[in-house]
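The values are calculated or read from the model by the stated rules, or taken from the named source; none is laboratory data. A quick note: this is a predicted structure, and the numbers were derived from the prediction, not measured. Heads up, the Cβs are rebuilt from the backbone with ideal geometry, glycines too, and the neighbour counts pull from every protein chain shown.
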Amino acid sequence: MVRPITHRAARALVVALLLSGTATIGVVAQTRATTGGALPTVVVLATGGTIAGAAASDVQAAYTSGQVGVDQLLAAVPQAKKLATLRGEQIANIGSQDMNDEVWLKLARRVNELTAMPDVAGIVITHGTDTIEETAYFLNLVVKSRKPVVLTAAMRPSTALSADGPLNFYNAVAVAANKDAAGRGVLVVVNDWVHGASSLTKASTTAVQTFLSPLTGLIATVAYGDVDWNRGPIGKNTAQSEFSLDSVTTLPRVDIIMAHENMDGALIDAAVAAGAKGVVIAGVGNGNLTAAALTTLTKQAKNGVVCVRSSRVATGRVGRNVEVDDDKSGFVASLDLNPQKARVLLRLALLKQRTNADLQRLFAEY
Ligand code: ASP
């Protein structure tokens, strides 16, 4: 059923788009998944995070992530059972600062298995906020389905006064069960905003409104389960992605090195000595670094280490051949990807031998 946009939802959308820097407002359609008949089945894969965190009191900052199991999470939001038939699985129960390749591979494989089942309409993944953008982008590249895969999280533990997890979870289920959610890539739902995996970034260490999609704006907003779609995904993703985890047991090492005043090349050399096949520079400004670091980076690029220039700046594109001659040095520019996402793409890209031109194409397409 397509319903006219409500005044409140329209206002929320405009505010969201203004705050997230989106220039154009697309066609807005408000839809609800539950139009009668059988409810869609949504599988909840829990990985831990603050949404599953617990503190000794409801008004203290200190807490531990990953304390509450998936059954308790589901039981805490009985309202979500009106949106979808829910099944839960515990993939891990960790703070997402401890996210690792083992959990990533297990999670991605399970999402691929579940989305291939005809009775599964969508997936919700509960996750910590610290690395949710990396996990979402990883899944965006390796999940082989157009079905909705929606990550959600919380900034306040489940025991906190005004915990944000329950409504985030409810909204994530609503998005995963929404009939118009398919084909938009992996999504992240936090604090009423629906982000695309390639665009979101964590912007505040403590605020409930921590996630922004600064370059491209929001894919949708969601208010108490009502989803207002704004746009499709940016960049190739999921079913169209050329990346696959078939027969992959390990991912190549890629390190991120932050540029700064008076930087030398010691950490670049150290990363390569530790086994890095690629290095992502979180450069100053438009992916810049000191002349000394540039000399070392060029040397490593000539030795076959893939060197990607990204930026430590929160928003903006890193273009090719602006102040650094990428052609001459053999570098790749990260374009719209921040360092943490550039690292994810590069790790998958390095599963096979590629030319620099092909690597640059990947950064343009994904
Ligand atoms: N450290 C937590 C985590 O990423 C923070 C959170 O979830 O908000 O798991």
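In the set (1) within 12 Å of the ligand (Cβ to nearest atom); (2) within 20 Å of the chain's Cα centre (by Cα), Q67 fails one condition alone, (2). Being buried (at least 24 other Cβ atoms within 10 Å of the Cβ) and within 15 Å of the ligand (Cβ to nearest atom) holds for only one residue in L187, L200, and it is L200.
Every listed requirement among (1) away from the ligand (no atom under 14 Å from the Cβ); (2) under 26 Å from A54 (Cα atoms); (3) not in a helix (DSSP H, G or I) is met by L167 save one, (3). Scanning the range 131-138 turns up one or more residues that are in contact with a Ser or Thr (Cβ under 6 Å, 6 or more places away or on another chain) and part of a loop (DSSP other than H, G, I, E, B).
Of A108, A80, all but one fail to be away from the ligand (no atom under 16 Å from the Cβ), in contact (Cβ under 8 Å) with a residue 12 or more places away in the chain, closer than 14 Å to T41 by Cβ and in a helix (DSSP H, G or I); the exception is A80.
State all residues of the range 226-282 that are of a type in the set (F, W, Y) and either more than 27 Å from N178 (Cα to Cα) or outside any strand (DSSP E or B) (or both); if no residue qualifies, say none.
Selection gives F243 alone.
Evaluating G95 against the criteria (1) within 15 Å of the ligand (Cβ to nearest atom); (2) at pLDDT below 95 leaves one unmet condition, (2). Out of everything in the range 111-148 that is more than 16 Å from the ligand (Cβ to nearest atom) and polar (S, T, N, Q), what residue ends up being nearest to L251 (Cα to Cα)? Across the range 111-148, the extreme among qualifying residues is N140. When you check V68 against the structure, is it of a type outside the set (K, R) and either within 23 Å of L139 (Cα to Cα) or in a strand (DSSP E or B) (or both), yes or no? Answer is no for this residue.
Checked against (1) of a type in the set (S, T, N, Q); (2) more than 16 Å from the chain's Cα centre (by Cα); (3) within 13 Å of the ligand (Cβ to nearest atom), T152 meets all criteria but (2).
I'd like the residue in the range 35-49 that is outside any strand (DSSP E or B) and at pLDDT 95 or above and, out of all such residues, is farthest from the ligand (Cβ to nearest atom).
Among residues in the range 35-49 that are outside any strand (DSSP E or B) and at pLDDT 95 or above, the one farthest from the ligand (Cβ to nearest atom) is L39.
Say we look at the range 113-142 and pick out the residues that are among the charged types (D, E, K, R) and more than 23 Å from L83 (Cα to Cα); which of these is surrounded by the most Cβ atoms within 10 Å (Cβ to Cβ)? Among them, the one singled out is E133. Against the criterion of being within 16 Å of the ligand (Cβ to nearest atom) and either small (G, A, S) or at pLDDT below 95 (or both), A52 qualifies.
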